Amino acid sequence: MASPTYQPRVNTSGEGWRNPPLARPGSGQRPSHQPRPDEELSGPAGPKPRPGFGLRGPRRSPHVLTAESLGALTLPVGDDGVIIGIDPENQPAVLSLLRPTPLEVVLVGSVWMAQVLALRTVATGARVAVETARPPAWGQMAQSAGGGQQCVTVHDVRQIAPQGPSVSSPVLVVRDMGARPPRNQLAPSPWQSVLTLLPFLGPRSPQMLGRADLVGLQRLSPEEAEVVTRIMRLPEQVGAVLPTLSDNAMLWCRRDGGHQFVMTQPTEAETNLLGGPRRMD
C-alpha cells in the first residue's frame, strides 16, 4: 500500500507577515505609530516627530532665555598663567608671565630655576626664545621641551631675531648673559615678555630691578638682601629672610611692595631633565 503524501499547510492569510490593519474610524482603537494624548508635545506648535526605530525619548519644552536675562549670566574664571609652586598656605602659586601688555621680569637666581619656568611656560602653549652666552647649558633642555616640537630656541648673544608674538603664539624671551647683560635687543611688547636672569647682583642690577615689573629672588647674601629690600620697598622682616631661603624657595615681588614667598616643587620629569633644585650653577 502506497504511503500517504505529506502536504504542508500553507498560511494563505498572510497572518504574521503583514502589518496589522489600521484602526477603523470611530472604533476607539489607536494606530500604534501615533502618540497617546499624554505624549503630545507642549509649548509652541511645531513639526511633529516622525515615527522611527527604537523607544521614544522624553519630550520637553525647549529652554528659552530672554535678551533681558543675558546680563545676569556669569562665567567663573580662575587664575591664568604658569604654576610656579605653592604659597605658604599650600595653594598653587600662579604667575602670569604672558600678557596683552609688556612685561619685564628679573630673576636673581640659578639657571635651574629659569629653565623650570621656561618648561612650564612651554606647557601653557607658548614659545620660549633663549639669548645666552652659554648655549650648551640650554641645549638639552631645548631639545627635550615640547615633545619633539621646536618650542624652545637657543640663540647666541645679539643673534636673536624678532619672534613675531601674537595672542595665539605668545613668546617668553629669556636672557642669560651674566651679571652685566648687554642692552636688550627684543624689548617687552604685547604677548612678548622678557625675563633677564642674573646669577647675583652686579653694578647695573639696581637699575634693572627698579624698572622691572616683577622680580624673582632666590637666596641672596645679606648685602644683596639689603639692596633688594630698599629698591623693592620690602618690609625689613621679609628682607631678613632672603639669606636663609632653601634652594627651591623664592620671593616674588613688585615695585609697589607686593610680595609672595613660593616653594617650587619640580616634577619627576623636570628632575630627570634638570636635576634637583639648586641656587648656584
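Only one of Gln265, Gln237 is open to solvent by 70 Å² or more (accessible area, probe 1.4 Å) and within 15 Å of Ile83 (Cα to Cα); which? Of the residues listed, the single one that is open to solvent by 70 Å² or more (accessible area, probe 1.4 Å) and within 15 Å of Ile83 (Cα to Cα) is Gln265.
For every residue, the table says whether it meets (1) touching an Asp or Glu at 6+ places or on another chain (Cβ under 8 Å); (2) open to solvent by less than 30 Å² (accessible area, probe 1.4 Å).
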site: Gly178; (1), (2): no, yes
site: Phe200; (1), (2): yes, no
site: Ser205; (1), (2): no, yes
site: Thr229; (1), (2): yes, yes
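Of all residue pairs spaced 6 or more apart or on separate chains, those with beta-carbon atoms under 6 Å, a first member in region 153-174 that is open to solvent by less than 30 Å² (accessible area, probe 1.4 Å) and a second member that is among the basic types (Lys, Arg) are Val171/Arg127.
You will find that of Gly85, Gly71, Gly81, Gly109, the residue that is open to solvent by less than 40 Å² (accessible area, probe 1.4 Å) and at pLDDT below 90 is Gly81 and no other. Whether a residue is in contact with an Asp or Glu (Cβ under 9 Å, 6 or more places away or on another chain) and crowded, with 22+ Cβ neighbours inside 10 Å was assessed, and Ala114 passes this test.
Got a sec? Which of Ser221, Ser144 is within 23 Å of Arg278 (Cβ to Cβ), surrounded by fewer than 19 Cβ atoms within 10 Å (Cβ to Cβ) and modelled with pLDDT under 90? Reasoning before the result, please.
Details: Ser221 fails: modelled with pLDDT under 90.
Being within 23 Å of Arg278 (Cβ to Cβ), surrounded by fewer than 19 Cβ atoms within 10 Å (Cβ to Cβ) and modelled with pLDDT under 90 holds for just one of Ser221, Ser144, which is Ser144.
The values are calculated or read from the model by the stated rules, or taken from the named source; none is laboratory data. Owing to the predicted nature of the structure, the values given are computational and were not obtained by experimental measurement. Glycine gets a Cβ as well: all are built from the backbone with ideal geometry, and neighbour counts include every protein chain shown. Calculation scope for accessible area: heavy atoms of the full protein, side chains included, ligands and nucleic acids excluded. Shrake-Rupley method; radii C 1.70, N 1.55, O 1.52, S 1.80 Å.
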